[in-house]
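Below is one structure, written out as structure tokens, with a few remarks after it.
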């Protein structure tokens with residue numbers, strides 16, 4: 001006859017295992033299983049001769065993706081003395097440590113290694129590239145096509161050799177709802193009424209009261225939500241003075257980083273200077289060419305949240321300042337292009353939950369900046385509502 005104690009222990013163990021299985025796995029174990037097993041897997045080769053490769057993989061909002069990369073690429077030694085200060089040699093997906101000469105090149109991801117594996121989701125105009133390196137898990141903010149690339153300039157691709165082999169694993173599918181790639185579609189926003197639009201000035205002024213750039217974007221959200229959205233979209237707050245600018249330029253250069261925070265002039269709205277100046281600069285060209293905007297918190301609210309006014313322009317060169325015959329920045333006269341750049345880069349973060357284009361009763365379609373440069377518009381204003389982090393608990 002079997003030992004009664006041993007028999008009872010076996011029965012108890014079996015019941016305990018059945019009970020444990022019925023109750024389910026612990027959250028920690030379930031999370032580990034989710035992050036270990038992929039739902040779909042793809043293999044893509046990224047040659048160094050191409051800046052971007054279309055993976056043919058379309059991702060949903062909220063999807064979780066894991067990248068694993070192998071392979072080797074090689075840059076030849078530079079021929080000029082300045083090129084020889086740059087990084088050269090063979091490297092893996094993490095790229096090479098950046099040298100001083102790398103400050104003379106434009107790379108898609110400013111803080112990633114030279115030649116590192118990078119990625120973006122969506123349109124090249126608005127989607128912000130991010131570093132991947134040898135491995136990375138990434139939460140997809142908005143639906144879109146996945147592209148893989150190399151953190152390098154176009155000129156380097158022609159003489160380099162090698163490729164990276166990248167495994168793409170979909171760990172979580174994301175939203176099953178049909179979502180417009182790059183953010184929500186335009187739809188009326190209840191709080192943006194004709195009466196509210198009538199209170200918003202159409203243009204900003206310089207400190208002497210000369211009318212200038214138009215107000216072409218409205219943003220709904222708290223100060224923290226607004227600054228977070230711009231930060232995620234790779235906009236940077238500019239320096240407030242020439243002294244600060246010089247110091248930051250030196251520090252960024254010593255750290256082999258691109259300097260993008262050059263100050264901008266003061267303009268006025270609601271009888272006060274801008275609360276924030278932000279730029280989305282182009283490395284190397286930042287002195288003459290950059291996307292930039294000025295941001296004011298208005299006296300008004302929409303659905304209990306602050307309404308911010310934005311005047312955005314794109315510097316494309318220099319021209320004569322007609323106020324004093326000095327030199328000033330020339331802006332792209334098609335001001336609507338910059339409105340859509342702000343719209344597109346913010347929407348690509350996944351932090352915009354509503355958006356629309358509205359036409360006020362007195363639209364501004366053509367005018368001059370405070371310095372005398374002409375610009376034109378269809379008169380519409382982009383309105384973006386940011387995710388309410390307090391309501392969502394984030």
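In what sequence do 340, 173 fall when counting other Cβ within 10 Å, fewest first? Kindly include the intermediate steps, with their values, before the conclusion.
Details: 340 18, 173 13.
Starting with the residue having the fewest Cβ neighbours, the order is 173, 340.
Take each of the peptides 291-298, 367-374, average the number of other beta-carbon atoms within 10 Å over its residues, and list them starting from the highest.
Numbers: 291-298: 22.1, 367-374: 18.5.
For the peptides 291-298, 367-374, the packing ranking is 291-298, 367-374.
For residue 97 and residue 72, compute 0.36 nm times the residue count separating them, minus their Cα-Cα distance, and round to one decimal in nm. Spell out each step's value before the answer.
Numbers: separation 25, 0.36 × 25 = 9.00 nm, distance 1.50 nm.
Using 0.36 nm per residue and subtracting the Cα-Cα distance, I get 7.5 nm.
Please state the shape class of the stretch 37-172: rounded when a/c is under 1.5, otherwise prolate if a/b exceeds b/c and oblate if not, all from the C-alpha gyration tensor. Walk me through the intermediate numbers first.
Values: a/c = 2.39, a/b = 1.90, b/c = 1.26.
Judged from the Cα gyration tensor, the stretch 37-172 comes out prolate (a/c at least 1.5, a/b above b/c).
Fewest to most neighbouring Cβ within 10 Å: what's the order for 264, 73?
Values: 264 20, 73 25.
The most exposed by this proxy come first: 264, 73.
Provide the packing ranking of 187-193, 344-350, 376-382, 133-139, i.e. peptides ordered by the mean count of other C-beta atoms within 10 Å per residue, highest first. Show your work: numbers first, answer last.
On the way: 187-193: 13.0, 344-350: 23.0, 376-382: 18.3, 133-139: 15.0.
Descending packing order for the listed peptides: 344-350, 376-382, 133-139, 187-193.
Would you kindly state how much longer the chain becomes between residue 202 and residue 52 on full extension, computed as 0.36 nm times their sequence separation minus their alpha carbon distance, in nm to one decimal? Present the calculation step by step, with values, prior to reporting the outcome.
On the way: separation 150, 0.36 × 150 = 54.00 nm, distance 4.00 nm.
Gain on extension, residue 202 to residue 52, equals 50.0 nm.
Mind sorting 270, 341 by how few other Cβ atoms lie within 10 Å of their own Cβ, fewest first? Spell out each step's value before the answer.
Details: 270 14, 341 19.
With the fewest neighbours first, 270, 341 line up as 270, 341.
Applying a 10 Å radius around every beta-carbon, put 39-49, 117-127 in order of their mean neighbour count, most first.
Values: 39-49: 15.4, 117-127: 21.0.
Result, highest mean Cβ count within 10 Å first: 117-127, 39-49.
Between residue 37 and residue 378, what is 0.36 nm times their sequence separation minus the Cα-Cα distance? Round to one decimal in nm. Each step should come with its number before you reach the end.
Values: separation 341, 0.36 × 341 = 122.76 nm, distance 5.02 nm.
The residue 37-residue 378 span can extend by a further 117.7 nm.
Only the coordinates and a few stated rules stand behind these numbers; no lab work does. What you are looking at is a predicted structure, and each value in this text was computed from that prediction instead of being measured. In this analysis, Cβ positions are derived from the backbone assuming ideal geometry, glycine residues included, and neighbour counts consider all displayed protein chains.
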